[in-house]
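Scroll down for the structure; my scribbles are underneath it.
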Amino acid sequence: MKQSFFWFILVFILLTGCDKEDTGAIKTLDDNRSELTLRLQENSSLIHRVYTDTTLELHPGVTETDIHYQDVNGHTMRIFILEADMNKTDIGLHPLTPNGAAAYGRQTIPDMVNYVNPNQRVLFACNADFFNATSGEPRSIVYLSGQAVRTTIPAGWTFFGISKSGQLLMGDGAYYEAHQADILHALGGHQTLVKAGEPVSHTDDSVEPRTAVGFTDDHKLYFVVVDGRKYDYSYGINFTELGQLMHALGAKESINLDGGGSSTFLINNPSSSSYEIRNRPSDGTPRAVANGWALVATGN
């Protein structure tokens, strides 16, 4: 009788102890969290529980971090973050277009990277602007090495690019008018996520896979893909939450790029020296898109 009572008490203590642990705001199963994961947890209320995170160095000053977590609403999430120190002189941005041409069309990101100058090693690539599904014409501007291919920004749309002097550029139509003479490379985007260091709230609360780009005051560049449309793998994210995520990383400016089935996150995996799609595009395979961004190593 005494032995049965002992086991009853032991089981009761274990069960009540587990219940108390579950009341914590953040529960971490991976004790070796990356710097970016810690930043997201400390600077936002998006994450309830971290399952795993993995960080790869693609090149000095360039890392890729995958995070699997549970959000505050109980949804499982997978996000992929490219962080690049654009103060480094041996890395650069390269716009991707179908067949590397200054023309409209559609092609997958893995195919587009094959047209990058072989003297430049592609470290990372992702999709960029929204587009006409029939013609492949992008919605916003296109500048390739100073050549203006498309110069129209619809009201409410945006762009991201780099100036001829190496400064990162991001903004709306008015910002474009003020800086167009100095643009080296630029591709379009849509919703503003972070403006002048503050996250932007949106009334559109649709949840989808997303791609975003942003940068910090100290010239750190972030490309982020959030997978979605697969409840048991990754739920997706809305625009307001995506802005909070980019703000938590430290972005002072950030915009939303094309998402849904277009969201593609490719790296040059240093362990295999081969291109690898890290996310799971919701179409099942990478979608043919209008354009994209590549980060390249320009030195030896």
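Since every read-out is calculated from the coordinates, none of them should be taken as a lab result. It should be emphasised that the depicted structure is a prediction, and the values quoted were computed from it without experimental measurement. Cβ sites come from the backbone with ideal geometry, for glycine too, and all protein chains shown count toward neighbours.
Observations, loosely collected:
- Size descriptors for the range 108-152, from the alpha-carbon set: Rg then Dmax equal 12.3, 33 Å.
- Against the rule of thumb 2.2 N^0.38 Å, how large the Cα Rg of the range 21-138 comes out: 1.37
- Taking other residues whose beta carbon is less than 10 angstrom from the beta carbon of F160, and scoring Lys, Arg as +1 and Asp, Glu as -1, yields -2.
- Contact order for the chain, expressed relative to its length and based on alpha carbon pairs under 8 Å spaced 6+ residues apart, stands at 23 percent.
- Subtracting the Cα-Cα distance of N32 and N99 from 0.36 nm times their residue separation leaves 20.0 nm of extension gain.
- Over the range 48-87 - Rg/Rh using Cα atoms and the Kirkwood inverse-distance radius: 1.12
- With an a/c value under 1.5 for the gyration tensor axes a ≥ b ≥ c computed over the alpha-carbon atoms, the range 76-210 is described as rounded.
- Mean separation of Cα contacts under 8 Å, 6 or more apart, over the residue count of the range 71-221: relative contact order %: 22
- Debye-sum result for the range 224-265 in log10 I(q)/I(0), which assumes one identical scatterer on each alpha carbon, at q = 0.17, 0.27, 0.31, 0.33 Å⁻¹: -0.48, -1.04, -1.19, -1.24
- Within the chain, longest stretch clear of exposed chymotrypsin sites (Phe, Trp or Tyr not before Pro) (DSSP loop, no more than 14 other Cβ within 10 Å): 1-230
- Cα gyration tensor shape of the range 151-198, rounded if a/c is under 1.5, else prolate or oblate by comparing a/b with b/c: oblate
- Relative contact order %, the range 214-300, counting alpha carbon pairs below 8 Å whose residues are six or more apart: 26
- Legend: P(r) of the range 81-127 from all alpha carbon pair distances, 10 Å bins from 0, whole percents, reading 25, 51, 23, 1.
- With the convex hull constructed from alpha-carbon coordinates only, the range 167-247 shows a mean projected area of 6.1 nm² over all directions.
- Proximal charge balance of S234 [Cβ under 15 Å; K/R count +1, D/E count -1]: -1
- Electrostatic bookkeeping for N132 treats Lys and Arg as +1 and Asp and Glu as -1; over the other residues with beta carbon under 11 Å from its beta carbon, the sum is 0.
- Scattering profile of the chain at q = 0.09, 0.15, 0.16 Å⁻¹ [log10 I(q)/I(0), Debye over alpha-carbon scatterers]: -0.44, -1.14, -1.31
- Of interest is the spacing of the C-alpha centroids, which for the range 206-227 and the range 40-73 amounts to 13 Å.
- Estimated 222 nm signal from helices in the chain, with DSSP H stretches of n ≥ 4 weighted -39500 (n - 2.57), rounded to 500: -5000 deg cm²/dmol
- Legend: translational diffusion of the range 204-282 by Stokes-Einstein, Rh = Kirkwood radius over C-alpha pairs, 20 °C, 1.002 mPa s; D = 162 µm²/s.
- Normalised size of the range 116-195, defined as Cα radius of gyration per 2.2 N^0.38 Å with N residues, equals 1.11.
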